[in-house]
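Okay, so here's the structure we're looking at.
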Amino acid sequence: MSIGIRTSFLPHTDPDASLAFWRDVIGFDVRLDVGQGAMRWITVGPKDDESVSIVLAPPVVDPAATDEERAAVASLMAKGVFAMVLLSTDDVDAEFARIEAAGADVIQEPTDQDWGPRDCALRDPAGNIVRLQQVG
């Protein structure tokens, strides 16, 4: 028996901007786009791996959420501390150059980390941290 990761969720503040980032900048396929307006759930994932995906989702969907709760989530997202995803590649420098040229918000250029991998960091349109690590 084994356990794997099928889907992870990241919040969006602007579904169209998030869709453009994950599709056009990162290069993921769009697998599903449901809902309307700000209440859209967009499923994206790597072109070569149908077994894993990310759902870009509204940050607060509970209609009973208070204005204070919504503001707290928005504040954490703006600081880049609400959500993060770690992606992998076999050539972080080449992917970074491609992603940077596409206009991504760069936090950290590729560097060899003390804990081992070579990686870089970006921010998606919602403020989520996207780290890209070299594997292999």
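All of the numbers you see were taken from the coordinates with simple rules; none came from a lab. Worth saying up front: this structure is predicted, and the values here are computed from it rather than measured. We place every Cβ from the backbone using ideal geometry, glycine too, and count neighbours over all the protein chains shown.
Each residue, Ala102 and Ser51, gets one label point 7 Å from its Cα in the Cβ direction; the gap between the two is 2.4 nm.
Between Ser53 and Thr7, Ser8, the built amide H atoms are under 5 Å apart, and every one of these is 5 or more places off in sequence or on another chain. Taking Cα atoms only, the orientation of helix 92-101 departs from the longest principal axis of the chain by about 50 degrees.
Annotation for the range 46-136: chymotrypsin sites (Phe, Trp or Tyr not before Pro) lying in DSSP loop with at most 15 further Cβ atoms inside 10 Å of their Cβ are Trp115. Each semi-axis of the equivalent ellipsoid for the chain is √(5λ) with λ an eigenvalue of the Cα gyration tensor; in descending order they amount to 26, 18, 15 Å. Plainly put, the range 25-64 has a radius of gyration that is 1.06 times its Kirkwood radius, both from alpha-carbon atoms, as the Rg/Rh ratio. Of the trypsin sites (Lys or Arg not before Pro) found in the range 1-85, those that fall in a DSSP loop while having at most 12 other beta-carbon atoms within 10 Å are Arg6, Lys47.
Among the GluC sites (Glu not before Pro) found in the range 28-127, those both in a DSSP coil and sparsely packed, with 10 or fewer other Cβ atoms within 10 Å of their Cβ, are Glu50. Other residues lying with their Cβ under 13 Å from the Cβ of Trp41 contribute a combined charge of +1, Lys and Arg counting +1, Asp and Glu -1. For the chain, the relative contact order is 24 percent, taking Cα pairs closer than 8 Å that sit 6 or more residues apart in sequence and dividing their mean separation by the residue count. Distance distribution note for the range 40-120: the fraction of Cα pairs above 22 angstrom is 46%.
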